[in-house]
Structure formats: C-alpha cells, structure tokens
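**Q** Have a look at this one.
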Amino acid sequence: MQQIIISNLFIIVFLAGTVVSFLINQLLEFLDWRAERKSGGKLPPELADIPAASCFNTEKLANISAYKSEKYKTFIPSSITGLAVTLCLVWFGFYPWLYQIICGWTGQPDGFANTYWCAFLFFVLAGIPESIVEIPFSLYSEFHVEKKFGFSNMTLKLWILDGIKSFLVSTIMSAILVAAMIGVLCAAPTTWWIFLTAVLILLTFVLQVIYPIVIAPLFNKFTPLEDGELKNRISSLMEKTGFKASGIFVMDASKRSGHSNAYFGGMGKSKRIVLFDTLIKQLTTDELEAVLGHELGHCKLHHILRRMFIMIPLEFVVMYVLYFIAQSPDLYSGFGFQIAKESISSAQFIGLFLASMIAGAVEEILSPIVNFGSRKDEYAADAYSAKLTEKPDALISGLIKLNSENLSQLLPPKLYVFWNYSHPTLIERIRSLKGSRK
C-alpha cells in the first residue's frame with residue numbers, strides 16, 4: 001500500500017481537522033456527561049409550578065441520568081475506534097490501493113462506461129471498512145442501551161432486514177448519483193462544479209417527492225389517520241393556515257422504537273403529515289394539535305424556503321472549492337495516489353472524494369453557526385403554534401411529555417447546547433413560551 005506524504009498541505013489539513021474535531025467532541029461529551037452527573041436528579045425550578053412536570057419523578061430523573069451515562073460509555077469506544085479506522089485507512093494508503101485494484105478490474109478511467117464502473121465500485125467499496133467497524137457499536141446501542149431503557153422493540157431479524165434494505169437503497173442511490181457525476185465530469189471537465197451542483201439540487205428535490213411514497217414504506221407501514229377529533233383538529237389547522245397535504249398518516253414507529261416524533265414529508269402531491277404511533281399514545285389531542293402547529297409554523301414562516309435560498313448558493317460555492325482542490329496534483333500525491341498530472345481530468349472523481357474528506361474533517365467548526373440559526377427558527381415556530389392554537393400551555397405540556405418519554409436531558413451545559421443542539425432546550429422553550437403570554 002502507498003503511504004501518505006505527511007508534509008503535504010492537504011494531508012496536514014485533513015489530519016489536523018480530523019483530530020481537532022475528535023477532541024472537540026470528546027470535550028463536549030465529557031462536559032455534558034459531567035453536567036448530568038452534577039445536576040441529574042434535580043427538577044429545574046422552571047418546572048416546579050407546571051402540573052405536567054409531575055412526570056419527572058425521582059425514578060424518571062434517575063433514568064435520564066442513567067441513559068446519558070450509558071450513551072456516553074458507548075460514545076467513547078465508538079468515537080476512538082472511528083478515529084483510529086479513519087486515520088489508518090488514510091495513513092496506510094487504503095484508498096490508493098483500492099483504486100489500483102479496481103483499475104485492474106475495469107481498466108484506467110477512460111470514457112463514460114469505464115470511468116463509471118471504476119467510480120461506482122470505488123465509492124461503494126471505500127465505505128465498507130468503516131461500516132463494518134460500526135456494526136458492533138450499533139448492535140450494542142440497539143440491543144443493550146435502547147432495550148435497557150425500554151425504547152427498542154427491534155428484533156435481530158428486523159435489524160438485519162433493515163440493514164439489507166438500507167444497503168440496497170443506498171447502492172441504488174449511489175449508482176444514480178455516480179452516473180450523474182461521471183456524466184457531468186466527462187461532458188464538462190473544467191466546469192463540472194456548476195452542472196454537478198445543479199444536478200445534485202435537482203436530485204434532492206426528486207428524492208423529496210419519491211421518499212414518502214417509495215422509500216419510507218420499505219421500512220414502515222403508513223396508515224391514514226382515523227376519522228375523529230384529532231383528524232378534525234389537524235384538518236382545521238391546515239385550513240386555517242392554507243397548508244395542503246395529500247393526507248395525514250400514522251407510522252408504526254413502535255415496531256422498532258419507543259421514541260416519538262412527527263414530520264411533514266414530501267413535495268407537491270406527495271406532501272404528507274406523518275405522526276408516529278408512539279406520539280399519538282403519549283400526547284393528548286390538545287398537545288398533538290400544538291405540536292403540529294409548531295411544524296406548520298416552520299412552513300408558514302418560510303423557514304424551509306429561506307434555508308433553500310441560503311443553501312443553494314452556498315452549495316455552488318462549496319462545490320467550486322472542491323473543484324479547485326481537485327485540480328491540484330499535490331492532493332492526489334499527498335494521499336498516495338499515483339496519478340499523472342495529465343490524467344487528473346479523467347480521475348477527478350477521486351479528487352472530489354479526497355476534497356470531500358478534507359471538507360468533512362473541518363466542517364465541525366461550522367456546527368455552532370448552523371445550529372444557532374436552527375434554534376432561532378424553533379423559537380419562532382413555538383411562538384407561531386401558541387398564537388395559532390391559542391394554547392401555549394398545551395405546547396408546554398406536550399414538550400415536557402416528549403422530553404420525559406425520550407429521557408432527554410433537562411440541564412445540558414450551555415457550551416454543549418451552543419455547539420450541538422439544533423433545538424433549544426426544554427427549559428429555554430418554556431421560558432420563551434411563558435414570555436410570549438405576557
């Protein structure tokens with residue numbers, strides 16, 4: 001196997017980004033675990049005068065702390081092993097070795113068909129080592145941690161079937177994406193960053209349309225919500241806000257997990273409202289109405305549309321940066337690839353792969369920025385729901401129950417929230433909702 005060039009700038013950025021991201025996550029998870037050990041078992045004063053908070057009894061508070069502790073114990077060996085595998089794959093030249101093997105099967109990239117098979121096999125096989133290493137940690141998390149706290153209803157047979165389905169779906173999606181990528185690279189070797197970004201955006205929209213009606217049913221059963229008060233309430237909210245959907249469906253989430261959620265999926269005629277069956281069991285009709293009002297808030301306040309207007313231009317910028325990096329011969333040689341300068345144009349998919357690895361290694365520093373915007377939108381959606389339903393107390397009690405049922409922490413450290421939380425904490429959301437009533 002070809003070894004990397006340690007003095008190479010791209011290798012330095014990759015290694016530094018990977019290690020720094022690892023250390024940041026280790027520090028944050030430790031602070032979070034330590035904070036739960038100190039504050040766990042105590043009911044925050046903001047919840048003292050709320051009847052719904054009675055669910056946080058001594059046993060529940062102890063379970064929240066124990067659940068966090070179990071997840072932290074799993075995180076440590078999982079993250080260390082993940083880091084070791086990532087570094088070993090790069091350090092010992094696994095990727096150039098794999099590329100040489102595949103080129104021996106398919107021949108050097110030259111023309112669409114040959115380049116397609118070379119790229120497709122490379123992308124599929126390159127991810128196998130890390131996927132294999134993740135299996136024991138996934139099994140432990142599912143069949144020990146999640147079952148210990150009453151969340152997992154998974155059987156080994158179902159877990160294996162889910163894995164096979166996920167692999168097949170991802171392989172099919174990879175085949176389509178690689179075909180689009182190679183087609184663009186071959187047709188526009190110097191401007192592919194423009195067309196590839198456009199194609200990826202288009203495929204994202206297509207996936208939004210087909211996911212609810214093609215992919216999601218492979219894993220779960222979706223049945224129309226029965227006629228009754230809940231359906232009437234939701235339909236009334238939709239009419240009041242002008243939101244149109246193809247239907248309101250209940251997903252059999254309890255088949256796998258006790259965790260609960262609701263989401264709006266699809267686009268156009270495939271748009272639908274999905275409620276986990278666990279959510280329906282846990283919340284009252286008023287609380288469910290308030291939670292759906294929150295989700296409607298994201299739509300009516302144009303949060304999704306605004307993010308699109310931000311992300312689409314950003315995706316073009318990022319793809320150009322990846323394109324620029326992929327033109328450098330030092331990128332390939334640094335990671336141990338023996339690709340001549342004149343052959344780079346036919347092997348740019350390798351450059352895109354390596355540039356994406358470098359970007360992934362340093363993207364951790366962007367987490368606080370992305371999550372800050374997301375938390376701001378969550379506050380706005382809460383306020384919208386309270387105004388729409390005129391039941392802020394129902395939303396508060398619903399959030400409390402969801403926090404309790406999912407054993408979510410009540411007082412995570414501020415730094416951890418700032419860095420990792422896409423939603424405000426329960427206490428922060430309650431303060432905001434109480435403030436909106438004044």
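**Q** Could you list log10 I(q)/I(0) for the chain at q = 0.06, 0.10, 0.13 Å⁻¹, which the Debye formula gives when each Cα is one point scatterer?
**A** Log10 I(q)/I(0), no solvent term: -0.31, -0.87, -1.38.
**Q** Let me ask something else about it. Rounded to the nearest 5, what % of DSSP beta bridges with both residues in the range 171-296 are antiparallel? Write down the numbers at each step before the final one.
**A** Values: 7 of 11 bridges.
The antiparallel fraction comes to roughly 65 percent.
**Q** Follow-up question, since we're still on this one. Magnitude of the Cβ-charge dipole of the range 327-438, K/R +1 and D/E -1, about the Cα centre, nearest 20 debye?
**A** Working: 12 positive and 11 negative charges, 147 e Å.
Computed charge dipole of the range 327-438: roughly 700 debye.
**Q** In the range 177-224, carbon and sulfur make up what percent of the accessible area (probe 1.4 Å)? Intermediate results must be reported in sequence, preceding the final value.
**A** Working: 1950 of 2480 Å².
Roughly 79 percent, rounded to a whole number.
**Q** Of the beta bridges DSSP finds with both residues in the chain, what % are antiparallel, to the nearest 5?
**A** 65
**Q** Along the Cα-to-C-beta direction of LYS60, a point sits 7 Å from the Cα; which residues of the range 243-287 have their amide N less than 14 Å from that point?
**A** Answer for this model: 282-284.
**Q** Assign unit charges at the C-beta atoms only (+1 for Lys and Arg, -1 for Asp and Glu), then state the dipole size of the range 248-293 relative to its Cα centre in Debye, rounded to the nearest 20. Before the final figure, lay out each step's value.
**A** Details: 6 positive and 5 negative charges, 69 e Å.
Roughly 320 debye, rounded to the nearest 20.
**Q** Give me the extension gain from ILE210 to PHE309: residue separation times 0.36 nm, minus the current Cα-Cα distance, reported in nm with one decimal.
**A** Numbers: separation 99, 0.36 × 99 = 35.64 nm, distance 2.23 nm.
Length gained between ILE210 and PHE309: 33.4 nm.
**Q** Set the bar at 27 Å for Cα to Cα. Now go through LYS165/LYS300; LYS42/LYS71; LYS157/LYS221; LYS60/LYS255; LYS221/LYS281; LYS42/LYS255 and name every pair that lies beyond it. Write down the numbers at each step before the final one.
**A** Numbers: LYS165/LYS300 35 Å; LYS42/LYS71 20 Å; LYS157/LYS221 17 Å; LYS60/LYS255 23 Å; LYS221/LYS281 17 Å; LYS42/LYS255 33 Å.
Pairs exceeding the cut-off: LYS165/LYS300; LYS42/LYS255.
**Q** Let me ask another. Please give the contour-minus-distance gain from LEU366 to ILE132: 0.36 nm per residue of separation, less the Cα-Cα distance, rounded to one decimal in nm. Spell out each step's value before the answer.
**A** Values: separation 234, 0.36 × 234 = 84.24 nm, distance 2.83 nm.
That pair, LEU366 and ILE132, stretches by 81.4 nm at full extension.
**Q** Work out the length of the dipole vector of the chain about its Cα centre, built from +1 on the beta-carbon of each Lys and Arg and -1 on the beta-carbon of each Asp and Glu, and round it to the nearest 20 debye. Present the calculation step by step, with values, prior to reporting the outcome.
**A** Details: 38 positive and 35 negative charges, 166 e Å.
Dipole of the chain, to the nearest 20 debye: 800 debye.
**Q** Could you state the accessible area per residue of the chain in Å², with a 1.4 Å probe and every protein chain left in place?
**A** Working: 22140 Å² over 438 residues.
The answer is 51 Å² per residue.
**Q** To the nearest whole percent, what portion of all C-alpha pairs in the range 148-302 is separated by more than 24 angstrom?
**A** On the way: 5789 of 11935 pairs.
I get 49 percent for the Cα pairs in the range 148-302 exceeding 24 Å.
**Q** Here's another thing I want to ask about it. Please compute the alpha carbon radius of gyration of the range 83-177, then divide it by the globular-protein estimate 2.2 N^0.38 Å. Two decimals is fine.
**A** With N residues counted in the range 83-177, Rg over 2.2 N^0.38 Å equals 1.39.
**Q** Quick check: residue separation of MET173 and LYS157 times 0.36 nm, minus the Cα distance between them. What number comes out in nm?
**A** Numbers: separation 16, 0.36 × 16 = 5.76 nm, distance 2.42 nm.
Extending this stretch completely gives an extra 3.3 nm.
**Q** Taking the dipole about the Cα centre of the chain, with the C-beta of Lys and Arg at +1 and of Asp and Glu at -1, give me whichever of LEU305, MET181, ILE102 is farthest to the positive side.
**A** The Cα lying farthest towards the positive end belongs to LEU305.
**Q** Please list 166-173, 102-109 highest first by mean number of surrounding beta-carbon atoms within 10 Å per residue. Write out the running numbers ahead of the final one.
**A** Values: 166-173: 12.4, 102-109: 15.8.
Output ranking for 166-173, 102-109: 102-109, 166-173.
**Q** DSSP loop (so not H, G, I, E, B), at most 12 other Cβ within 10 Å: list which trypsin sites (Lys or Arg not before Pro) in the range 234-274 pass both filters.
**A** On the way: sites: LYS240, LYS244, LYS255, ARG256, LYS269, LYS271, ARG272; in loops: LYS244, ARG256, LYS271.
Answer by residue number: LYS244.
The values are calculated or read from the model by the stated rules, or taken from the named source; none is laboratory data. Since the model is a prediction, treat every value here as computed from it, not as a measurement. Counting neighbours? That spans all protein chains shown, and the Cβs are built from the backbone with ideal geometry, glycine included. Ligands, DNA and RNA are stripped out before the accessible areas are found, and what is left, the full protein with its side chains, is counted by its heavy atoms. Shrake-Rupley method; radii C 1.70, N 1.55, O 1.52, S 1.80 Å.
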